[in-house]
Structure formats: structure tokens, C-alpha cells
Amino acid sequence: MSYQIIRSNRKTFSLQMNTKGLIVRAPYAATDAQIAEVVKRHEVWIEKQRRRIAEAESLLPSVEKLTIEEIHRLADEALQLIPERVAWFAPLVGVSYGRITIRNQRSRWGSCSSAGNLNFNCLLMLAPPEVLDSVVVHELCHRKEPNHSKRFYAEVLRVFPDYWTCDKWLKENGPMLMRRMTG
């Protein structure tokens, strides 16, 4: 079984399956034999994930891929709009933030680093405005709660009461948007 290994300054192993295959996140000190053992121990889970992804892919209709020019245009639009939305919601959440970066991603809508830097997917420009706002609030709330605990979601809902409606929209429509990414 082939897999991609990403070594980092972590203490534990992590397995992630996506449409391109298996990604093993491992500590720098982990040997190739240790990594192979982790993969072997999780063969059943890996195969289950592979089948689940293949089934989900087969149910999605084909979509028109965005051109590089369209992606650049979306990124430019996002670079104008998203910092405004972050600046609007940050005081409501009661947090500060660092750098804002717009990315062309296939699997994430946003992320927040421990340093407070925020990343957002340019494909959010194809979602309804309230969905974009829900992702902004979600990432800003990670400045208070760097997890997905009850306290985290209580904070999200305090600032954005319609969060679950937008989350549902992303779960239902997000895979189709992600499939439009080129490359």
C-alpha cells in the first residue's frame, strides 16, 4: 500500500485519507518501520475510508473545473472581502488576529494557526455570503477555543446563531465546490 509521509514536530501519528490516497503524519523521530506498522494496524480503517470516498465520489456528478484565471479572480475577490468580514466579526468574538491568507484548497474552508493567522479558501466566494461569514466566525472563535468543544460551539452560536444552517449548507454543497478546484 502506498502512502505519503509528512513528518513534523508532533508526538503522535495521524492517518488521513482523501481522494488522492493515504497521508501519514508522523513525528520526525519515527522510523519507516514504525510508520509501516501504524499503517498495517489500521488497514481495516484505511480500506473502509477508501471505499467511503470512492462511493461518495461516484455519487457526485461531474462538475466544470475552474480555470486558473477564474481561481485567481476568486482569490482577488476573497482578498478584498474576507479581511473586511474578519475585521467586522473579530470585535464581536472579542479576539485579535494575525495575518489573513487566501488559499486554493481542496479540503478546508478555513484554518487558524496558534499564532492567530487565518487562512481561508477562495472557493468561499462561490458560497452564499452568510456561509462565508459562518466560516469567518468559526475560525475567529478558534482564537478563544483551539478545539471543537461545547464551549467552542457555544461561542460560535453566541456570535452567529445561524451557524448550523450554514454548516449544513457546506456539508451538502461543499464537496461540489471543492471538486471545481483545478490541479
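The values are calculated or read from the model by the stated rules, or taken from the named source; none is laboratory data. This one's a predicted model, so the numbers in the text were calculated from it and none came from an experiment. Cβ coordinates were reconstructed from backbone atoms using ideal geometry, including for glycine residues, and neighbour counts include every protein chain displayed.
Which residues, counting only those in the range 117-162, are buried (at least 16 other Cβ atoms within 10 Å of the Cβ), aliphatic (A, V, I, L, M) and assigned to a helix (DSSP H, G or I)?
Leu123, Leu124, Met125, Leu126, Val131, Leu132, Val135, Val136, Val137, Leu140, Val156, Val159
Which condition number does Ser107 fail, the rest of (1) touching a Lys or Arg at 6+ places or on another chain (Cβ under 9 Å); (2) exposed (fewer than 14 other Cβ atoms within 10 Å of the Cβ); (3) under 24 Å from Tyr3 (Cα atoms) being met?
The single condition Ser107 does not satisfy is (1).
Okay, residues lined up against (1) aromatic (Phe, Trp, Tyr); (2) modelled with pLDDT of 95 or more; (3) touching a Phe, Trp or Tyr at 6+ places or on another chain (Cβ under 8 Å):
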residue	(1), (2), (3)
Pro129	no, yes, no
Asp133	no, yes, yes
Val136	no, yes, yes
Leu140	no, yes, yes
Arg143	no, yes, yes
His148	no, no, no
Val159	no, yes, yes
Asp162	no, yes, no
Asp167	no, yes, no
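If I filter the range 31-59 down to residues being in contact with a helix residue (DSSP H, G or I) (Cβ under 8 Å, 6 or more places away or on another chain) and surrounded by 12 or more Cβ atoms within 10 Å (Cβ to Cβ), which single residue comes out as farthest from Arg106 (Cα to Cα)?
Val39
Could you tell me which numbered condition Ala26 fails, if it satisfies all but one of (1) among the hydrophobic types (A, V, I, L, M, F, W, C); (2) in contact with a Lys or Arg (Cβ under 6 Å, 6 or more places away or on another chain); (3) in contact (Cβ under 8 Å) with a residue 40 or more places away in the chain?
So the condition that Ala26 fails would be (3).
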